[in-house]
1. Run the numbers for Ala140 and Val442: contour at 0.36 nm per residue of separation, minus the present Cα-Cα distance, in nm.
2. Could you order the peptides 130-139, 240-249 from most to least packed, using the average number of other C-beta atoms within 10 Å per residue?
3. Defining a contact as two alpha carbons under 8 Å apart and six or more residues distant in sequence, what relative contact order in percent does the stretch 410-463 show?
4. Once R0 is set to 60 Å, what does the formula 1/(1 + (r/R0)^6) return for the Cβ-Cβ distance between Ala156 and Glu280, expressed as a FRET efficiency to the nearest 0.05?
5. Counting only other residues whose beta carbon sits under 14 Å from that of Glu263, what net charge do I get with K and R as +1, D and E as -1?
6. What would the Debye formula give as log10 I(q)/I(0) at q = 0.31 Å⁻¹ for the alpha-carbon point model of the stretch 217-275, no solvent?
7. Need one value: the accessible area of Arg235 in square angstrom, 1.4 angstrom probe, rounded to the nearest 10.
8. Give the cross-link partners of Lys198 among the lysines, using a straight C-alpha distance below 27 Å as the criterion and excluding same-chain residues fewer than 8 apart.
Amino acid sequence: MEVNGRVVALNAGENSGDVLGAPGTGRLIPALLIPLAAFALQWFFWEAIYPYVWFLFYPAVFFSSWLGGMRAGLAATVISTVVVWWFFIPTRYSFTLERSASSLSMGLFTVMGALFSLTHERLRKANRRAAAALAAVNAAKNHLEERIVERTADLARRTESLRESERRLRATLDNMMEGCQIIDNDWRYIYINDAAEKHNRRPKEELLGKRYMDMWPGIEATEVFTEIRKCLETRIAHHMENGFVFPDGRKGWFDLSIQPVPEGVFILSVDITDRKRSEEEIRQLNADLEERVRERTAQLEAANKELEAFSYSVSHDLRAPLRAIDGYSNILLEDHEPRLDAEGKRVCSVISESARTMGDLIDDLLAFSRVGRTAMHFSRIDMAALARSIFFELTDPEGRERIDFHVGPLPAAVGDAPLIRQVWTNLISNAVKFSSGKERAVIEVGCGQVDGESVYSIRDNGAGFDMKYVDKLFGVFQRLHSTTEFDGTGVGLAIVQRIIHRHGGRVWAEGATGMGASFHFTMGGGG
């Protein structure tokens, strides 16, 4: 028999002997002795029993078949028939039958013995089947009881594991820095951790088991209520920032993640009130800064207008006296030359030259001032062609004969064309001027790439400079050579630096005294 995947096999005679199994020798012999015992008793009491020849043999066959089964019953029937036929049916000690009644009784006894044997055999088989079924039921019962015990133990382990998991989960939620709260489908608080208690600014015991709307009157009109209800109905998560006004009038800001859970909704909250206040302060600071920038811009515009007025004054009011000084010096030399000695003539020449130098300085200062105020218009500039044209403008054929001027491959640049032209003009004129003392001057214009940025350069083999004064090189009126060596106003390189800075680039120089100098610049985003 199979029970829950197990086969329960029972042998009817395995433990119960011949009562439940097929008759063995141990039960067959006693079963055969019963008719012999009946014969002995009937022989002894024959005088009282006569003429009932079958009186004791019917019970004998009955009990033999009951004790030994079908084979024992049939054997007892045969033995009883032979004994009765031989000893108790006349003529005694003979198998001769004198009456037909004797034959009938013998036949009836034989049939009854066979029926007894068959009936008891069936009863024995039925008993064996019932015993086997009962044993199978008992085995199944025992097996089921074992399974129930196992399942109960497993269920207990699982229950304990779930309880432990729940304890760990609650401990984790309780110790989280973020607020955690669960609202069930009836809008009742069923869980609040310590952080959420701080966010709510109310004891959790005051909220647990209470309806959300009852604890926060008027909450139905807020966006957060709408989102929680939507999550309860659609089971779709939502994320939002919520500004909440507490009953005491204070306002807090929270970053909320609203998630559907089997119990209802899980709300994860992060207090961002400080961040929102900082953002508001930054916005206010930006607004104040913009206002200050507008004020400073207005002040700068006013200063620029004053500077323009000053430049106009310098351009017109100072030039006239300088022209008068120069003119009167020339008149003095022309009209009164015979009366002037050599020193007087020299002084007149110095006055005239100084007036012209002062005019050049005024022009350079005005140019330096205009560089910072001129509107810029960007276009594509052919740097190689521009460098060559400026060199030819600054030199005459005789000067070009003694100068080896080389222009390497120069990538085009994007910038304000007039301003970049001023850069190349000042740098090339410096190279020509400071290499004028060389019998054979060399000026090289080139470009290299440094970290993906174009670096334009101009090198000469002229007077050079001492690198310890390099920081003064691009300052206004900063000269590293005297005017007796090289003329100039000391403003040209300052103009170069201002133009390059306006283009978002850098400019620097390298050199050594008597070994020449090299100037480098980049164009920032435009180069």
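1. Working: separation 302, 0.36 × 302 = 108.72 nm, distance 11.38 nm.
Once the chain is fully extended between Ala140 and Val442, it gains 97.3 nm.
2. Working: 130-139: 14.6, 240-249: 11.9.
Result, highest mean Cβ count within 10 Å first: 130-139, 240-249.
3. On the way: 54 pairs, mean separation 19.7, N = 54.
About 37 percent, as a whole number.
4. My answer for the efficiency is 0.55.
5. Details: positive: Arg170, Arg188, Arg235; negative: Glu166, Asp184, Asp186.
Local charge sum for Glu263: 0.
6. -1.27
7. Looks like 90 Å² after rounding.
8. Lys210, Lys230, Lys251, Lys276
The values are calculated or read from the model by the stated rules, or taken from the named source; none is laboratory data. Everything quoted here is computed from the prediction, not taken from an experiment. Note that we place each Cβ from the backbone using ideal geometry, even for glycine, and neighbour counts take in every protein chain shown. To get the accessible areas, we keep the full protein, side chains included, count just its heavy atoms, and leave off ligands, DNA and RNA. Shrake-Rupley method; radii C 1.70, N 1.55, O 1.52, S 1.80 Å.
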